[in-house]
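Shown below is the structure under consideration.
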């Protein structure tokens, strides 16, 4: 992470269906740059890169690979991550729920990161996933648990490294 204070990077972290689009939309309304090509307040380039990382690690957003497998890809994906974030400046953000799973790969390259975390109630997330794509409630609950645990672990790790 660089100490560039002229750039502020807002990263919206939260499980699918946890109001991340609402938060990203509010940031956008306040003038925060979200990228050129958006898909529901998600920068398509971050979305595609996260999909690629998860696939390479043997999973997907619905089948999160072990964190070890994702972290093992750090060197391989470093050039793509650097290229994606290196030209960002000023106030900018990105939001993709998959980023909870991949954030540790991005962290070394983010300038002045600020994390905005959205924790949805797991049963509401599961119900929303069922309504949106007929995902079984039990699977939605399990995914919410995995994403929330990874997010909490990440927040604990960055908090402990700042001490």
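The values are calculated or read from the model by the stated rules, or taken from the named source; none is laboratory data. Remember, it's a predicted structure, so these values are computed and weren't measured experimentally. Ideal geometry is used to build each Cβ from the backbone, glycine not excepted, and the neighbour counts take in all protein chains shown.
So which residues in the range 79-134 are assigned to a helix (DSSP H, G or I), without any contact (Cβ under 8 Å) to a residue 60 or more places away in the chain and loosely packed, with under 14 Cβ neighbours inside 10 Å, if there are any at all?
Listed by number, the residues that qualify are 79, 82, 83, 86, 123, 131, 133.
Something else about it: Is it true that some residue in the range 8-23 is in contact with a strand residue (DSSP E or B) (Cβ under 9 Å, 6 or more places away or on another chain), within 23 Å of residue 161 (Cβ to Cβ), surrounded by fewer than 20 Cβ atoms within 10 Å (Cβ to Cβ) and at pLDDT below 90?
yes
Of all residues in the range 24-44 being under 24 Å from residue 143 (Cβ atoms) and assigned to a helix (DSSP H, G or I), which is modelled with the highest pLDDT?
Taking the candidates together, the pick is 44.
With respect to the numbered conditions (1) in contact with a helix residue (DSSP H, G or I) (Cβ under 6 Å, 6 or more places away or on another chain); (2) within 30 Å of residue 6 (Cα to Cα); (3) not in a helix (DSSP H, G or I), which one is the sole condition not fulfilled by residue 64?
Checking residue 64 against (1) in contact with a helix residue (DSSP H, G or I) (Cβ under 6 Å, 6 or more places away or on another chain); (2) within 30 Å of residue 6 (Cα to Cα); (3) not in a helix (DSSP H, G or I), the one that fails is (2).
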